[in-house]
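Taking it in order: structure first as structure tokens, then the write-up.
Values quoted throughout were computed directly from the atomic coordinates according to the rules given, and no laboratory measurement underlies them. Predicted, not measured: the structure shown is a model, and the values here were computed from it. We place every Cβ from the backbone using ideal geometry, glycine too, and count neighbours over all the protein chains shown.
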Amino acid sequence: MLNTIYIMWLRQIKRYWRSKSRIIGSIGQPLLFLVAMGFGLGPVFEKAGRGNYLDFLAPGIMAQAILFMAIFNGVELIWDRQFGFLKETLVAPVSRLEIVLGRVLGGATIATFQGLIVFVLTLFLGFRPQNILFLPLGLVLMFLIALFYTTLGTGIASLMEDFHGFQLIMNFLVMPTFFLSGALFPLESAATALKSISKINPLTYGVEGLRNVFSGTVGMAVTQDIVVLALLSFITLSLSSYLFSKIEA
């Protein structure tokens, strides 16, 4: 079982590294947000007495980079399905659970690495974590964000055979998820309706957890964020495995 999972994981990693344009292109949007909003709205944020906006914004942009990379991992599943590569995998004498685990872990690893790249970029732009010793805990949160959204993307892609339909659904899902997660603005000052929505938004827990870790305020709140993300990841992984098992070879 572990051998099959490792092979599928390695295949996902190799596919990512072969696409240099994908690596470069995937950091374009996070970099734009960091520069345009971090420096553009920074003075306004400081005048409002909220401190350094880049320190507030950076964890949210890391989560954004992970979200986009993870959930669109489902496109690769549809690609493999349309061009016959998936059929070769499905007819192999291995469990479909092993296949989906390998794909999901590979996609989550790539998305986590994407978040780490953005983290490095934020350091060059002036972001300063309060305690670098908490970075491993930050990586755990990044991986859980990546795992949840990779499994979600895989589950949705298992139901679809069309690129365009998948992208429409993802755009409808991804942008509200990002904007209503507290990544760009403090939720405590938001309208009551937005606060209520943010509480059922999984990305909110990832952004909040990263923000607490990098600000050095690690406590029960971070533990709660990790538990919520881990539980949601388990649920979506179970659902995705079931949906993937229903794909016809």
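A few comments on the model shown:
- Computed [θ] at 222 nm, deg cm²/dmol, the chain (DSSP H ≥ 4; -39,500 (n - 2.57); rounded to nearest 500): -25500 deg cm²/dmol
- For LYS14 and GLU161, the difference between the fully extended length at 0.36 nm per residue and the C-alpha to C-alpha distance is 50.5 nm.
- Whole-number percent relative contact order across the range 130-249, with pairs defined as alpha carbons under 8 Å at least 6 apart: 45 percent
- The modelled label-to-label distance between LEU194 and PHE179, using points 7 Å beyond Cα along the C-beta direction, is 1.0 nm.
- Between helix 28-40 and the chain: long-axis angle, C-alpha atoms, 0 to 90°, nearest 10: 10 degrees
- Taking 7 Å steps out from each Cα toward its Cβ at VAL227 and PHE172 produces label points 3.4 nm apart.
- VAL44-LEU123 FRET efficiency (beta carbon distance; Förster radius 25 Å; 0.05 resolution): 0.60
- Our summary gives the range 2-245 a relative contact order of 27 percent, counting only alpha carbon pairs under 8 angstrom and 6 or more residues apart.
- Coupling constants for the range 115-124 follow from the phi torsions by the Karplus curve (6.51 cos²θ - 1.76 cosθ + 1.60, θ = phi - 60°), and in residue order they are x, 5, 4, 5, 4, 4, 4, 5, 5, 5 Hz; glycine and proline get x.
- Tilt relative to the chain, helix 163-179 - C-alpha long axis, 0 to 90 degrees, to 10: 20 degrees
- Ranking ALA190, VAL75, TYR242 by how far each Cα lies toward the positive end of the dipole of the chain (charges on Cβ) leaves VAL75 at the top.
- Counting neighbouring beta carbons within 10 Å and listing from fewest to most, the residues TYR205, TYR149, TYR16 come out as TYR16, TYR205, TYR149.
- Among ILE61, ILE197, sorting on how many other beta-carbon atoms sit within 10 Å of each Cβ, with the fewest leading, yields ILE197, ILE61.
- Going by neighbour counts of Cβ atoms within 10 Å, the residues THR217, THR151 line up, fewest first, as THR217, THR151.
- The range 127-217: GluC sites (Glu not before Pro) falling in loop per DSSP and having at most 16 other Cβ within 10 Å: GLU161
- Selection from PHE33, PRO176, VAL222 lying farthest towards where the dipole of the range 2-245 points positive, charges on Cβ: PHE33
- Taking Cα centre as origin and charging only the Cβ of basic (Lys, Arg, +1) and acidic (Asp, Glu, -1) residues, the dipole magnitude of the range 2-245 rounds to 340 debye.
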